[in-house]
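Presented below is the structure to which this report refers.
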Amino acid sequence: AQTVTQSQPEMSVQEAETVTLSCTYDTSESDYYLFWYKQPPSRQMILVIRQEAYKQQNATENRFSVNFQKAAKSFSLKISDSQLGDAAMYFCAYKVTSGSRLTFGEGTQLTVNP
Amino acid sequence: DTAVSQTPKYLVTQMGNDKSIKCEQNLGHDTMYWYKQDSKKFLKIMFSYNNKELIINETVPNRFSPKSPDKAHLNLHINSLELGDSAVYFCASSLRMAPADTQYFGPGTRLTVL
């Protein structure tokens with residue numbers, strides 16, 4: 001069974017600084033997709049960034065980037081120039097190419113301090 | 001314009017009652033999902049439908065019955081509600097079932113069973 005592990009239940013960062021959220025996953029599949037979703041206090045789940053496992057280049061979306069290490073099965077999220085609006089629960093998620101279900105990690109609660 | 005909407009946003013009810021949560025998407029997507037987020041914020045898929053056909057049915061009690069009257073709607077009916085059903089229920093949709101297709105989430109319905 002595929003599992004996704006986020007080992008940091010809580011993280012905090014100063015405004016304008018950089019923070020990295022960790023995610024590891026366990027799979028026997030060779031091709032899959034990885035995602036980071038953000039859930040602010042409003043509860044809305046918002047896609048932050050995605051990575052296709054067959055791509056070696058790390059995905060970036062403005063201030064958000066990932067460090068994808070396929071051999072280590074690691075998929076960390078880096079947030080640069082943190083803003084107060086980045087405060088949220090962040091979920092790492094995984095999806096195999098043979099299916100459509102998302103498997104989520106336990107989440108990391110990010111606090112941004114002014 | 002709301003892409004994926006759910007009603008109601010909050011639902012408080014007594015044990016043993018029957019309730020429904022409605023979900024609608026105006027994205028023209030073929031595939032819809034129900035996820036459950038428990039009190040520890042863990043998200044897990046319950047069901048997925050593609051073109052009104054049930055595709056994924058996780059080990060969910062048969063008190064939970066999804067219904068898809070058309071591609072744009074996926075409702076969740078819960079019979080004989082139990083305390084353990086208290087959670088936030090998220091509806092999501094994607095263009096198709098392909099793993100590359102991003103899932104867009106609704107705002108969630110917080111169900112409280114007393």
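The values are calculated or read from the model by the stated rules, or taken from the named source; none is laboratory data. It should be emphasised that the depicted structure is a prediction, and the values quoted were computed from it without experimental measurement. All Cβ positions, even for glycine, are placed from backbone atoms using ideal geometry, and neighbour counts span all protein chains on display.
Miscellaneous remarks
- Qualifying residue in segment B:71-81 (condition: surrounded by 19 or more Cβ atoms within 10 Å (Cβ to Cβ) and either within 11 Å of chain A (Cβ to nearest Cβ) or assigned to a loop (DSSP other than H, G, I, E, B) (or both)): yes
- Strands (runs of 3 or more DSSP E) wholly inside segment A:59-114 containing at least 1 residues that are within 14 Å of chain B (Cβ to nearest Cβ): A:88-96, A:108-113
- Among (1) without any contact (Cβ under 8 Å) to a residue 12 or more places away in the chain; (2) on the phi > 0 side of the Ramachandran plot, the one test that residue A:16 misses: (1)
- Selected residue (criterion: nearest to the other protein chains (Cβ to nearest Cβ)) from residues of segment B:43-63 that are in contact with a strand residue (DSSP E or B) (Cβ under 7 Å, 6 or more places away or on another chain) and not in a strand (DSSP E or B): B:58
- Among the residues of segment B:2-33, those identified as of a type outside the set (Ser, Thr, Tyr), assigned to a loop (DSSP other than H, G, I, E, B) and on the phi < 0 side of the Ramachandran plot are B:3, B:8, B:9, B:14, B:15, B:17, B:18, B:26, B:27, B:29, B:30.
- Conditions (1) crowded, with 19+ Cβ neighbours inside 10 Å; (2) not in a strand (DSSP E or B); number of the one not met by residue A:43: (1)
- Selection within segment A:50-82 - touching a residue at least 40 places away in the same chain (Cβ under 8 Å) and surrounded by 12 or more Cβ atoms within 10 Å (Cβ to Cβ): A:67, A:73, A:74, A:75, A:76, A:77, A:78, A:79, A:80, A:82
- The set of residues in segment B:9-33 being farther than 17 Å from residue B:52 by Cα and either in contact with a Gly (Cβ under 7 Å, 6 or more places away or on another chain) or acidic (Asp, Glu) (or both) consists of B:18 alone.
Each row is one residue, and each column tells you yes or no for (1) at pLDDT below 90; (2) among the aromatic types (Phe, Trp, Tyr).
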site	(1), (2)
A:17	no, no
A:25	no, yes
A:29	yes, no
A:33	no, yes
A:36	no, yes
A:56	yes, no
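- The residues on offer are B:108, B:84, and the sole one that is facing chain A (nearest Cβ under 10 Å) and either surrounded by 19 or more Cβ atoms within 10 Å (Cβ to Cβ) or of a type outside the set (Lys, Arg) (or both) is B:108.
- Matching option when the condition is farther than 16 Å from residue A:44 by Cα and of a type in the set (A, V, I, L, M), among A:87, A:72: A:72
- In segment A:11-34 there is no residue that is under 22 Å from residue B:90 (Cβ atoms) and surrounded by fewer than 17 Cβ atoms within 10 Å (Cβ to Cβ).
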